[in-house]
Amino acid sequence: QVQLVESGGGLVQAGGSLRLSCAASGTILRINAMGWYRQAPGQQRELVALITSGGSTNYGDSVKGRFTISRDNAKNTVYLQMNSLKPEDTGVYYCNAGGVRTTRTFIPEYWGQGSQVTVSS
């Protein structure tokens, strides 16, 4: 079975930066896409950034120009560099892996447990 290990969350002041990492472990053969979603209190979960194995990216409108997603396919790891952070970026950030093929099964979508990011004003 797949596990997603998230790291890099924490507390930062507005205008600062954080770098999130998410590493998928297990007997993984291929992951088609990896990315980050976030959920603020009282809000729905929303796309932050997504990257495919081919390098195509998709960003939420609110983070374009400030966040950059990258991926190391060999390590099954995705990174999210978050710059110019704003208080409205505060929330729980969930790593997501889509189209996960292991040696035994195929998992359409898999979620990490979430990492808290808090941006103070």
Among (1) at negative phi; (2) within 16 Å of the chain's Cα centre (by Cα), there is one condition Pro41 misses while meeting the rest; what is its number? (2)
Mind checking whether some residue in the stretch 81-90 is among the hydroxyl-bearing types (Ser, Thr, Tyr), more than 11 Å from the chain's Cα centre (by Cα) and open to solvent by 50 Å² or more (accessible area, probe 1.4 Å)? yes
Quick one: in the stretch 61-86, of everything that is in a loop (DSSP other than H, G, I, E, B) and of a type in the set (Lys, Arg), which residue is farthest from Leu29 (Cα to Cα)? Lys86
Can you tell me which of Ser70, Ser53 is of a type in the set (Ser, Thr, Tyr) and touching a helix residue (DSSP H, G or I) at 6+ places or on another chain (Cβ under 9 Å)? Ser53
Residue count, the stretch 87-117 (criterion: within 15 Å of Leu20 (Cα to Cα) and either modelled with pLDDT under 95 or outside any strand (DSSP E or B) (or both)): 5
Strands (runs of 3 or more DSSP E) completely within the stretch 13-60 that count 2 or more residues being crowded, with 16+ Cβ neighbours inside 10 Å and of a type in the set (Phe, Trp, Tyr): 28-39
Any idea which of (1) open to solvent by 40 Å² or more (accessible area, probe 1.4 Å); (2) within 20 Å of Leu4 (Cβ to Cβ); (3) touching a residue at least 12 places away in the same chain (Cβ under 8 Å) is the one Asp72 doesn't satisfy? (3)
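The values are calculated or read from the model by the stated rules, or taken from the named source; none is laboratory data. Note that the coordinates shown come from a computational prediction; the quantities given were computed from them, not determined experimentally. No Cβ is skipped: glycine too gets one built from the backbone with ideal geometry, and neighbour counts run over all protein chains shown. In case anyone asks, the SASA skips ligands and DNA or RNA and just uses the protein heavy atoms, side chains included. Shrake-Rupley method; radii C 1.70, N 1.55, O 1.52, S 1.80 Å.
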